[in-house]
Every structure is written in C-alpha cells, then in structure tokens.
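Please treat every number below as a calculation from the coordinates, not as lab data. Predicted model only: the values in this text are computed from it and were never measured. Neighbour counts run over all protein chains shown; Cβ positions are idealised from the backbone, glycine included.
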Amino acid sequence: MTARTTSAPARFPGAGALRETGRLFALGLDVIVLTFRRPFQVREFIQQCWFIASVTILPTALIAIPFGAVIAMQLGTLIIQLGAQSFTGAASVLAIIQQAAPVVTALMVAGAGGSAICADLGARTIREEIDAMRVLGVNPIQRLVVPRVLAMMVVALLLNGLVSVVGVMGGYFFNVVLQGGTPGAYLASFSALAQLPDLWISEIKAVIFGFIAGVVAAYRGLNPRGGPKGVGEAVNQSVVITFLLLFFVNFVLTAVYLTVVPQKGS
C-alpha cells in the first residue's frame, strides 16, 4: 500500500496581517461600545490620566519649543524671499496648530504613555492575570483597556493645547528676535489666514491620535508572544505601528479638512 499524502492548502501571504488588522479593529470597536457600559472605572481612569500626563508633559513641552522655532524660522526665511513678511505669523500659526501640535502630541503620548500601557498589560498577560479575570467573569477590556484608552485621549487633547501655545510662543520669539521680524505684524497676521476651525481640527486630530495610540498599545499588550522577551518586542511593535497609523490618519484628516472647510484668502 502506498501512503497518501495530503498537501496543506496554500495560504494567502497577507492572511496573518489581515487577521491582526481585523482583531485590532475589533478591539477598537469593543472599546467604543464598552465606554458607555456601566460600571465605569473612574478611579482607574484618573490614575491613568495622572500617570500618562506625568510622563509626557515635560518632554512634550521641551520638544514643542524647538519644533515651533524651526517651523517659524523656515517659514520666515521663505516668506521673506517671497516678499510677504506680513503673513509670517499666520503661516507659522497654521503650520504649528494644524500639523505640528497634534503630531508632536501623538508621538509623545504613544512613545511614553503607549509603551507604558503596552508593557503593563503585557506583564499582566504573561502572568495570566488577564485569563484569571476572564475566569472570574470580569471583562479585561472594560476593566483595564477602556480607562487607559480614554486617559490617552484626554491627555492628548490637553497636551495638544500646551504644544500649540508653547510652539506659537517659540515661533514668535525666534522670528522676532533672530530674524528681525515685527512683533505687531506677527500678531496682527493671525486673523489673516487662521480661523477657528483650524483649532478644532487640531483638537480632533489629537483625540483620534490618542485613541489610536491607546488601542494599539492595548492590543499588543494583550497579545505578547514568548514570555518577557515577547513583551519587550510587543512594546517596540506598538510604538512603530502607532507611528505609521498616525501619519496615515493625519494625511487623511488633513485632506478631508482642506476639502470640506473653505480656507481664508482662497
């Protein structure tokens, strides 16, 4: 008799990536649904807000100063060459508020707060605390993930305002002091091109970026591979994945905003 050999069906090369993407999307939907389900973990939420703010507020403020200065100096040099010095302030404010502030906020929240959340949940997972919670009838997503994701969103929203203020002040200082700009013209040009929806889209971006960073960190923390070493790899993966998603979502939101909201001077 001859043994019959059966070949395994060929798998789609991107099946694993699609499966991981689906699970990540499902976790995001679970977080949204469970946010409105009681009981809400108020104490855990406050603790996470305090922790994330404590590890991100100082680095974010320190990065916002040179970020705003670089944007102001680069735009100032370009605008001087074009002979439109009166629009230096407006251009700097638009660049800082619309793009720099939410991106810097998201990078710091994801890099500091997201990595800490991923490491915490990953350690709980390999110690089988998450499985024990499920056995006891406690939903780990509602108990642990929802407060952390909401804390990331709230802190990102508040830090975005801090980065906007610090960045504009830094841009004003470097433009006026180093490039010889006129303080009155810098301040008066704010209303020339800037408008209130620019601040709204900045805050909306910060909230969405905080949600994405929290969900990705929680997903990788709940699914580590290979014990403690896998937790470290999960932390690195969560930061990289979050950065990629943030830049893509930022492009989409910016394109939608510029299409829907009419800009001044156009």
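If packing is taken as the average number of other Cβ atoms within 10 Å across a peptide's residues, how do 236-242, 44-50, 141-147 rank, most packed first?
141-147, 236-242, 44-50
Compare the peptides 27-35, 61-69 by average per-residue count of other Cβ atoms within 10 angstrom and give them in order, highest first. Can you show the working numbers first?
On the way: 27-35: 15.6, 61-69: 19.2.
So the order, starting with the most tightly packed, is 61-69, 27-35.
In Å and from the alpha-carbon atoms only, list the Rg and Dmax of the stretch 114-186.
22.0, 67
Suppose every Lys and Arg Cβ carries +1 and every Asp and Glu Cβ carries -1, with no other charges. What dipole size does the chain come out with about its Cα centre, to the nearest 20 debye?
740 debye
What Rg and what Dmax come out for the stretch 145-263 when only alpha-carbon atoms are used, in angstroms?
18.8, 60
What are the semi-axes of the equivalent ellipsoid of the stretch 16-170, taken as the square roots of 5 times the eigenvalues of the Cα gyration tensor, listed largest first and rounded to whole Å?
40, 16, 13
D for the stretch 90-150, whole µm²/s, Stokes-Einstein with Kirkwood Rh over alpha-carbon pairs at 20 °C and 1.002 mPa s: what number?
155 µm²/s
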